[in-house]
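The values are calculated or read from the model by the stated rules, or taken from the named source; none is laboratory data. All values reported here derive from a predicted model rather than from experimental measurement. FYI the Cβ positions are ideal-geometry reconstructions off the backbone, even for glycines, and counts take in every protein chain you see.
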Amino acid sequence: MTNSAYIIGENIVSPLGFSAAENFINVSANRTGVKTILDKDFIPLPFSGARIGNDILDHEFQKLSVTEKYTRLEKMMLLSIADAVRHSGIDITGTDTIFVFSTTKGNIELLNSKFKNEFDSSRIQLWKTAQVVTDYFRNPNKPVVISNACISGVVALIYASELVQSGKFKNAVVCGMDALTEFVVSGFQSFLAISGEPCKPFDQSRNGISLGEACATIVLSSERKKDEKTSVEIVGGATSNDANHISGPSRTGEGLVKAIERVFTQHQISAGGIDFISAHGTATPYNDEMEAIAFSRTGLDAVPVNSFKGYYGHTLGAAGVLETVLTSLSMKNNLLIKSLGYASHGVSKPLNVISENKSKEIRTSLKVASGFGGCNAAMILQKHEG
């Protein structure tokens, strides 16, 4: 690999805003989009989550002056990609740009019979959603879809960065998305995995996840933006699968340890060279404990770590991309963001969980993710100045 993969454009569409800047301002102020949702027309039981209002979504979407009909999720995707690309300044209609999508459920809401006559049945297929959005932006290349449980977003970024680094494409547009639907919420409720209050990653009183919806986009390029004094590069990443259980993580953190060790070895980085960790941090008893063990085993227990789930809930296929946008902005602003919901230490290993916002030089960050089926991913980001 001879090229670099720089982040030259980013966006987040979420309950905390419709731009990366607006989201970062709200997160920096420790504002959360998570609340108790009671909507019997949606789900009979109340749940803890973060949902984008339909009114504001439609209002923002009207600014695109689109005449074709799109699903709710597709509206989020078009808004997010359009804004990220606008900031990047690239021409996405060329053959040197590839689209990579990450999602777990895509247009799963189209299973509902009320949409039967609104959209073609093929629209529920992940490849079709990706193609519809790619066609809107008139990109000639066949899009790629990564759907690997909750590590989908990080894997999509790793894959896209390798395409850019190898010279196969000059640019890559990575879009991660998932929406709150009856299918998703009822599924997690059946696991008894949803907290009755905003989630508390790594806290002693944590008792489950909060769910969220979002769409996030990162534009990668082999060239830095000419007018940008500080840029962030995705150096590379690694994945593993411990095949421990269909939904439960390894009790020893084995898979995450292997992913972290692999990316450290590949890029000659040690634990001492990491300034910040963006954890998966779902606030389930088993996930947080597994991560704490994995960080301890890899010598990372003293590194400042947070989870962004307290601000957005678990956004599934969007999480890896959304949290990487926030990690990149944290690096550019040299700001460690408080891990919302953390008050008292609740895992068996010592961790340096960020309890208050703090200014700190952040040059190298580690982003990790874990998911159902025992899948794990680890990715390195580095900052360049001048």
- Do we find a residue being surrounded by fewer than 21 Cβ atoms within 10 Å (Cβ to Cβ), assigned by TED's automatic domain parsing to the domain that holds ALA21 and assigned to a helix (DSSP H, G or I) anywhere in segment 139-155? no
- Note on the structure: Being charged (D, E, K, R) and part of a strand (DSSP E or B) narrows LYS338, LYS332, LYS367 down to just LYS367
- The lone condition THR129 fails out of (1) part of a loop (DSSP other than H, G, I, E, B); (2) hydroxyl-bearing (Ser, Thr, Tyr); (3) within 16 Å of GLU68 (Cβ to Cβ) is (1)
- Message: For segment 98-108, check the following and say yes or no: at least one residue is assigned by TED's automatic domain parsing to the domain that holds ILE52 and out of contact with any helix residue (DSSP H, G or I) (no Cβ under 7 Å at 6 or more places or on another chain).
- Response: no
- Can you spot a residue in segment 221-228 that is over 15 Å from the mean Cα position of the chain (by Cα), modelled with pLDDT of 95 or more and buried (at least 24 other Cβ atoms within 10 Å of the Cβ)? yes
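One line per residue, one yes/no per condition, for (1) free of Cβ contacts under 8 Å to residues at least 40 places away in the same chain; (2) in contact with a Lys or Arg (Cβ under 8 Å, 6 or more places away or on another chain):
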{"residue": "LEU38", "(1), (2)": "yes, no"}
{"residue": "PHE47", "(1), (2)": "no, no"}
{"residue": "ARG51", "(1), (2)": "no, no"}
{"residue": "ASP58", "(1), (2)": "yes, yes"}
{"residue": "LYS63", "(1), (2)": "yes, no"}
{"residue": "LYS69", "(1), (2)": "no, no"}
- Note on the structure: Flagged in segment 239-259 as of a type in the set (D, E, K, R) and more than 23 Å from PHE188 (Cα to Cα), in numbering order, are GLU254, LYS258
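Every residue, every condition in (1) touching a helix residue (DSSP H, G or I) at 6+ places or on another chain (Cβ under 7 Å); (2) under 30 Å from SER355 (Cβ atoms); (3) at pLDDT 95 or above; (4) of a type in the set (Gly, Ala, Ser), yes or no:
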residue	(1), (2), (3), (4)
GLN131	no, no, yes, no
PRO140	no, no, yes, no
CYS150	yes, yes, yes, no
SER166	no, no, yes, yes
